[in-house]
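Below you'll find the structure, written out as C-alpha cells, and then a few comments.
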Amino acid sequence: MNLLMIEDNTAVSEMMGMFYKKEQWNVVNAYDGEEALKLFDDDKQAWDVIVLDLNLPKVDGMQVAIKIRESTEIVPLIMLTARDSDSDQVLGFEVGADDYVTKPFSPITLIARIKALHRRATMQTNGQDDNVADDFDIKTRTFKLNSRTREAYINNVLIPDLTPKEFDLLRVLSQKPRQVFSRDQLLQLVWDYEYFGDERTVDAHVKKLRQKIEKVGPQVIQTVWGVGYKFDDSILPENPRK
C-alpha cells in the first residue's frame, strides 16, 4: 500500500511510522498543507489511502481535502481531527472524507480504519472491464447500479460525483429494497468495522448522498425514525427518460 500521511505533528507521524513499517506499507509524510498538495499533484494516481490532519499550517486540512476531491473521487481519505463537534465532522464528510478519527486516537484504531478502506477500494477496482457499461447488478423500475463501473442511475440519469463510501452505502441499501438497516449495521457493512464506529458517520454520508440523488430525481433513501435507513423507490413514478 502507498500511503500519504499529512500531519504537522512530527511525534504523531513518527509514532504511526512504526506501525506502518510493521504493516510493510510505503509511506510518504507531508507536514503542512502546501507540501501535501505538491506531493499529491506530482502523482495523483500514486496513493492507495490518504490520511489527512484537519489542522495544518499554510493550507488548512479542509482546503486540502477539497483540492484532492476536485482531482479524484476514488482515493480513500481519512481525516484526523482534534475537534469533536458534530459540525466539524459533518463538514469533513461534506468536503469528501470517507472516514475520520478523533485525536487522541489509538494507532491500532487508525490502522484498522486504513485497512478497511483499502480492502474495499481494492475489491471495487479488481476485475473491472471496459465492456460492462450495461451490466447492471441491481435494477428496479426506476433505479439501476453497476458495481464494476461504480455508476448509479435514477430514471436513466447518472447520480453525479459519488465518493467511494457514498456509492458503497447506496449499493448496500439498494441490494435489499425496503429493508431497514440500523446505523450499526451500515457501519459494519459499509465501513467494515463494529467497534470503532460512530453513528454520525452514517448520518453525514446519508445527508450528502441524498443531496446528490436529489440533483437527478426523487429521493430513494428513506429515514425510518428510531431505527435507521432504507432504500425504497416503489412509490416513485417511472420515467422512461433516456
- [ ] With everything on Cα atoms, drop me the angle between helix 10-23 and the longest principal axis of the chain, reported from 0 to 90° to the nearest 10.
- [x] 70 degrees
- [ ] Mind listing the long-range amide H neighbours of I6? Cut-off is under 5 Å, sequence gap 5 or more, other chains count too, H placed in the peptide plane at 1.01 Å from N.
- [x] A30, V51, L52, D53
- [ ] Just the number, please: carbon plus sulfur as a percent of the accessible area of the chain, 1.4 Å probe, no ligands or DNA/RNA counted.
- [x] 48 percent
Open item on the list: In whole Hz and in residue order, list the ³J(HN,Hα) couplings for segment 207-224 that follow from phi through the Karplus curve 6.51 cos²θ - 1.76 cosθ + 1.60, θ = phi - 60°; x for Gly and Pro.
Closed with: 4, 5, 4, 4, 4, 6, 4, 5, 6, 10, x, x, 6, 10, 9, 10, 8, 10
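Place the peptides 48-56, 105-113, 141-149 in order of packing, highest mean first, counting for every residue the other Cβ atoms within 10 Å and averaging per peptide.
Output ranking for 48-56, 105-113, 141-149: 48-56, 141-149, 105-113.
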Open item on the list: From the helices alone, meaning DSSP H stretches of at least four residues, give me the mean residue ellipticity at 222 nm for the chain, per-run term -39500 (n - 2.57), in deg cm²/dmol to the nearest 500.
Closed with: -12500 deg cm²/dmol
Task: Net charge, F167 excluded, C-beta distance under 12 Å - Lys, Arg +1, Asp, Glu -1 - done: +1
Task: Backbone HN-Hα couplings from phi across segment 95-106 [Karplus 6.51/-1.76/1.60, Hz, Gly and Pro as x] - done: 8, x, 5, 8, 7, 9, 10, 8, 6, x, 10, 7
Task: Ranked by how many other beta carbons lie within 10 Å on average, peptides 64-74, 35-45 from highest - done: 64-74, 35-45
- [ ] For N26 and Q175, compute 0.36 nm times the residue count separating them, minus their Cα-Cα distance, and round to one decimal in nm.
- [x] 50.1 nm
Task: Among the listed pairs K144/K207; K58/K212; K58/K207; K22/K208; K67/K230; K103/K176, those beyond 27 Å (Cα-Cα) - done: K58/K212; K58/K207; K22/K208; K67/K230; K103/K176
TODO: Multiply the residue gap between S71 and T122 by 0.36 nm, knock off their C-alpha separation, and tell me the result in nm, one decimal place.
DONE: 16.4 nm
Open item on the list: With angles folded into 0 to 90 degrees, how steeply does helix 107-125 sit against the dominant principal axis of the chain? Use alpha carbons for both and round to 10.
Closed with: 50 degrees
Task: For the chain: accessible area per residue (Å², 1.4 Å) - done: 49 Å²
Open item on the list: If I model a spin label as a point 7 Å beyond the Cα along the Cα-Cβ vector, how far apart are those points for I111 and V216 in nm?
Closed with: 4.0 nm
Task: Fraction of beta bridges assigned by DSSP in the chain that are antiparallel (%, nearest 5) - done: 45 percent
- [ ] Using the Karplus curve 6.51 cos²θ - 1.76 cosθ + 1.60 with θ = phi - 60°, work out ³J(HN,Hα) for each residue of segment 54-61 in order, rounded to whole Hz, and write x for Gly and Pro.
- [x] 6, 9, 10, x, 6, 10, 4, x
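The values are calculated or read from the model by the stated rules, or taken from the named source; none is laboratory data. Treat the numbers as computed from the prediction; the structure is a model and nothing was measured. Note that each Cβ is placed from the backbone with ideal geometry, even for glycine, and that neighbours are counted across all protein chains shown. Remember, those area values only see protein heavy atoms, side chains included, never the ligands or the DNA or RNA. Shrake-Rupley method; radii C 1.70, N 1.55, O 1.52, S 1.80 Å.
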